[in-house]
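Enquirer: Got a structure for you, written out below as structure tokens; questions coming shortly.
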Amino acid sequence: MSNRELALWWASQSAAHQYRPEQLSADDARRAPAIRSAKAWLDWRVSRALLQAVRAASAGPHALSLSHSGGHALCAQAPAGQAVGADLERLRPRDLDALAGWVCSDTERAWLQAAATPLRQTRFYLLWTLKEAFIKAAGLDFPADMASVGLAPQPAGQPALRPPPGHWRAAVWQLGDDWVAAAVWQIAAGAPDPGIDWRTAAGCELPPLRQLGQWEGGAG
């Protein structure tokens with residue numbers, strides 16, 4: 001890993017052929033036989049191939065968070081002992097109002113409602129991925145704690161981060177036309193920001209990146 005505080009690894013469907021079942025962890029080896037659908041099996045092979053590539057490229061232990069969607073995968077890699085979470089979602093039509101009522105705060109729902117339809121979808125996936133990443137990083141309950149973290153929209157300017165206890169950095173990106181990804185990682189207050197290092201599994205191409213937001217903040 002470079003001197004960046006976080007590395008984000010990307011894999012597309014082409015990574016599936018790199019999957020090595022003999023390299024699975026003991027836990028994953030127990031889970032693999034239960035996979036039945038072709039879609040789930042593709043997600044499994046791509047995500048585990050990415051995880052195997054990250055581990056092979058890394059010296060020593062690291063904190064890792066893995067996410068997959070639609071035959072693609074994202075893995076966040078941070079120094080050992082650091083809380084980190086990542087989430088990847090494919091953009092697709094959904095009942096945004098119903099889902100927002102389930103996982104968003106009142107101010108987040110108002111922020112969504114204030115946006116025109118295309119922007120509303122982007123904002124929804126920004127919130128969803130950010131919340132899922134916090135759920136993973138902080139060991140929160142899904143879906144019970146989804147509404148307790150996310151953003152605090154402001155009357156003007158960028159929304160403020162609404163994290164779990166501790167001090168956190170967070171960022172969300174759109175990748176190409178089809179994907180939204182979020183990463184969150186806990187830091188010491190006042191720590192310098194050396195940036196994020198994007199990498200790919202062998203033979204995979206990273207889609208064009210557009211950052212949707214970057215935040216830092218703490219909660220007691």
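The values are calculated or read from the model by the stated rules, or taken from the named source; none is laboratory data. Everything numeric in this text was worked out from a predicted model, so none of it was measured. Here the Cβ is made from the backbone with ideal geometry for all residues, glycine too, and neighbour counts use every protein chain on show. Only protein heavy atoms, including side chains, enter the accessible area calculation; ligands, DNA and RNA are left aside. Shrake-Rupley method; radii C 1.70, N 1.55, O 1.52, S 1.80 Å.
Enquirer: Counting only residues that are part of a strand (DSSP E or B) and small (Gly, Ala, Ser), which one in the stretch 1-20 is farthest from Arg199 (Cα to Cα)?
Expert: Selected residue: Ala11.
For every residue, the table says whether it meets (1) touching a residue at least 12 places away in the same chain (Cβ under 8 Å); (2) buried (at least 22 other Cβ atoms within 10 Å of the Cβ); (3) not polar (S, T, N, Q).
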{"position": "Ala116", "(1), (2), (3)": "no, no, yes"}
{"position": "Glu132", "(1), (2), (3)": "yes, yes, yes"}
{"position": "Leu161", "(1), (2), (3)": "yes, yes, yes"}
{"position": "Arg169", "(1), (2), (3)": "yes, no, yes"}
{"position": "Gly203", "(1), (2), (3)": "yes, no, yes"}
{"position": "Leu209", "(1), (2), (3)": "yes, no, yes"}
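Enquirer: Ok, one more. Within the stretch 181-197, can one find any residue that is open to solvent by 30 Å² or more (accessible area, probe 1.4 Å), of a type in the set (Gly, Ala, Ser) and touching a Pro at 6+ places or on another chain (Cβ under 8 Å)?
Expert: No, every residue in the stretch 181-197 fails to be open to solvent by 30 Å² or more (accessible area, probe 1.4 Å), of a type in the set (Gly, Ala, Ser) and touching a Pro at 6+ places or on another chain (Cβ under 8 Å).
Enquirer: Now a separate question. Report, ordered by the first and then the second residue, all pairs with beta carbons closer than 9 Å, sequence separation of six or more or different chains, a first member in the stretch 74-95 that is closer than 19 Å to Val46 by Cβ, and a second member that is part of a loop (DSSP other than H, G, I, E, B) and among the acidic types (Asp, Glu).
Expert: Every condition considered, the pairs that remain are Arg90/Asp178; Leu91/Asp177; Leu91/Asp178; Arg92/Asp178.
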